[in-house]
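Asker: This structure is in structure tokens; I'll ask about it shortly.
A short reminder: the numbers here are calculations on the coordinates, not readings from a lab. It should be emphasised that the depicted structure is a prediction, and the values quoted were computed from it without experimental measurement. Cβ sites come from the backbone with ideal geometry, for glycine too, and all protein chains shown count toward neighbours.
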Amino acid sequence: MRILQLNMERGWRGGERQTLLCLRQLRAHGHDVALLARKGGELAERAAQDGFAVHGVSGAAGLCAFLLRNRRGFDILHAQTANTLTWLALLKPRLEGRLVFTRRTAFDVPAKREPRTAWKWRRVDALVAISNAAAKEPRRLGFSVSIIPSAVEAKPLDQERAAAFADRYRLSNKRVLATAAALTSEKDPCTLVRAVHALKQRRSDFVFLHLGAGGDEEAAAHALAKELDLGDHYVFAGFQPDIENLYRLMDVFVLSSRHEALGTSVLDAFLYSVPVAATDAGGLQESLAEGRGLLCPVGDHHALADAMDRLLGDRGLRAALVEKARDYVMREHDAGIMAERYLAVYRQALGGE
């Protein structure tokens with residue numbers, strides 16, 4: 001198959017990581033796969049370094065021009081983001097390839113946007129969601145959805161990188177709790193700051209690392225941490241490009257999201273044997289079910305503090321969670337299996353070819 005993956009995001013987050021993983025796995029399965037991405041963006045640069053054909057464009061005009069010039073060049077046009085789907089839907093009458101869209105969010109569709117959203121989803125030949133939470137809205141609007149969970153792959157430990165990070169943030173002889181989340185309202189960093197403050201009232205042998213880019217809640221989170229006098233107990237360490245190495249430093253991973261379609265950072269924690277405490281938002285309920293982690297109500301900082309304290313204090317609980325979580329992630333979120341599931345969807349979209 002000739003497959004084009006489309007992702008025009010500027011930064012590097014879970015969706016971009018999954019797009020690159022799809023590219024790698026589809027190529028490994030013997031298919032001709034290329035990327036249409038934002039010129040100069042992180043995804044485009046990483047894909048080019050991996051030897052993929054990368055078609056870089058600066059915006060919607062360039063995207064549309066490329067698609068019209070190459071409308072006979074691809075069997076599958078796979079939109080990995082909602083904005084790329086918009087343009088594919090508009091151009092569909094002039095495109096020859098089949099359209100596939102992966103929904104990676106679990107947000108409700110506002111009533112005033114339902115007609116437009118439904119119009120776009122009707123244009124695709126196959127609609128995929130990364131979890132039942134992400135599939136909820138398409139199903140509510142009457143669409144058939146295939147569930148293909150995101151995948152994770154273990155990377156070798158860069159001991160020097162991990163040691164340098166630990167030294168920079170003086171982690172020696174401290175219990176390390178961490179999150180990997182942008183400072184945005186959907187990730188609810190202020191609840192996390194309050195939870196760490198509540199934990200500090202019980203113990204002081206830890207440091208909490210907030211790994212992630214800025215966002216609309218950045219100023220509020222920093223101000224709250226200062227107001228609560230968390231000092232060195234709460235460290236805003238910013239975006240970390242090779243975060244896989246840092247999971248090896250963690251005793252507990254925490255996620256305070258208000259909305260989460262799946263949460264690949266939690267899957268990483270599972271993969272690297274780090275016990276997880278998280279809110280029960282969206283797909284996190286699926287990931288942490290059956291004893292794979294501790295779930296807390298959204299916005300409840302006391303419950304998050306209790307969960308963190310339990311995990312730090314109970315070695316047996318940590319071991320039980322880690323064992324179940326690692327078995328699950330290896331079974332359900334393997335990259336090769338994800339590729340096989342996408343290939344089955346592609347073939348069905350092509351009429352069983």
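Asker: Between Ala61 and Ala82, take the C-beta separation as r, use R0 = 25 Å, and let me know the FRET efficiency to the nearest 0.05.
Answerer: The computed FRET efficiency comes out at 0.85.
Asker: Note the full-extension length gain between Asp158 and Leu317 as 0.36 nm times their separation in residues minus their Cα-Cα distance, in nm to one decimal.
Answerer: Here the answer is 54.4 nm.
Asker: Now for a separate question. 5 Å is the cut-off here: which amide hydrogens, built 1.01 Å from N in the peptide plane, fall below it relative to Phe206, excluding neighbours closer than 5 in sequence?
Answerer: Under 5 Å from the amide H of Phe206: Arg175.
Asker: Could I ask something else about it? Given H placed on each backbone N at 1.01 Å, which residues far from Gly282 in sequence or on other chains put an amide H within less than 5 Å of it?
Answerer: Residues meeting the criterion, in which the H sits 1.01 Å from N, are Glu260.
Asker: Using a simple spin-label model with points 7 Å from Cα along the Cα→Cβ vector, what separation in nm is obtained for Glu96 and Leu141?
Answerer: Reported label-point gap for Glu96 and Leu141 is 3.0 nm.
Asker: On to the next question. Taking each full run of DSSP H in the chain as one helix, which ones are at least 24 Å long along their axis (Cα atoms) and have mean Kyte-Doolittle hydropathy of at least -1.0?
Answerer: Details: long enough: 315-332 (25 Å, -0.60).
Length and hydropathy pass: 315-332.
Asker: Let me ask something else. Mind checking the dipole of the range 286-330: about its Cα centre, +1 per Lys or Arg Cβ, -1 per Asp or Glu Cβ, Debye to the nearest 20?
Answerer: Here the range 286-330 has a charge dipole of around 180 debye.
Asker: Relative contact order (percent) for the range 159-332, with alpha-carbon contacts under 8 angstrom and 6 or more residues of separation?
Answerer: 23
Asker: Given the -39500 (n - 2.57) contribution per DSSP H run of 4+ residues, what per-residue ellipticity at 222 nm results for the chain, rounded to the nearest 500 deg cm²/dmol? Can you show the working numbers first?
Answerer: On the way: 14 runs with 151 residues, N = 353.
Calculated mean residue ellipticity at 222 nm is -13000 deg cm²/dmol.
Asker: Under a point-charge model restricted to the Cβ atoms of Lys and Arg (+1) and Asp and Glu (-1), what is the dipole moment magnitude of the chain relative to its Cα centre, in debye to the nearest 20?
Answerer: Once rounded to the nearest 20, the dipole reads 1140 debye.
Asker: For the pair His302/Ala219, report the inter-label distance in nm, with labels modelled 7 Å from Cα in the Cβ direction.
Answerer: Spacing of the two 7 Å Cα→Cβ label points: 3.2 nm.
Asker: Pick out, from Ala181, Leu6, Val276, the residue whose Cα sits farthest towards the positive end of the charge dipole of the chain, with +1 on the Cβ of Lys and Arg and -1 on the Cβ of Asp and Glu.
Answerer: Selected residue: Leu6.
Asker: If exposed means no more than 14 neighbouring beta carbons inside 10 Å and the site is in a DSSP loop, what's the longest run of the chain without any exposed trypsin sites (Lys or Arg not before Pro)?
Answerer: 204-353
Asker: Once the Cα atoms of the chain are picked out, what are the Rg and Dmax in Å?
Answerer: 20.9, 64
Asker: Now a separate question. Which whole-number percent is the relative contact order of the chain (Cα, under 8 Å, 6+ apart)?
Answerer: Relative contact order of the chain: 15 percent.
Asker: At Arg202 and Arg122, where each label point lies 7 Å from the Cα along Cα→Cβ, what is the point-to-point distance in nanometres?
Answerer: Rounded to a tenth, the inter-label distance reads 5.3 nm.
Asker: In the range 159-332, how does Rg compare with the Kirkwood Rh, expressed as the Rg/Rh ratio over alpha carbon atoms?
Answerer: 0.93
Asker: Separate question: Which residue fluctuates most in the GNM of the chain (Cα springs below 10 Å): Ala281, Ala303, Ala154?
Answerer: Per the Cα network of the chain with a 10 Å cutoff, Ala154 tops the list.
Asker: Which residue, Gln201, Gln18, Gln285, tops the fluctuation ranking in a GNM of the chain built on C-alpha contacts under 10 Å?
Answerer: Result: Gln201 has the largest fluctuation of those listed.
Asker: Anyone know which of Asp280, Asp75, Asp327 comes out most mobile in the 10 Å Cα GNM of the chain?
Answerer: Of Asp280, Asp75, Asp327, the Gaussian network model singles out Asp327 as fluctuating most.
Asker: Sticking with this one: Please report the antiparallel percentage of the DSSP beta bridges confined to the range 159-332, to the nearest 5.
Answerer: Of the beta bridges lying entirely in the range 159-332, close to 0 percent run antiparallel.
Asker: Here's another thing I want to ask about it. In whole Å, largest first, what are the principal axis extents of the Cα atoms in the range 92-194?
Answerer: Extents along the principal axes, in whole Å: 59, 34, 23.
Asker: Could you work out Rg/(2.2 N^0.38 Å) for the range 240-337, with Rg from alpha carbons only?
Answerer: 1.00
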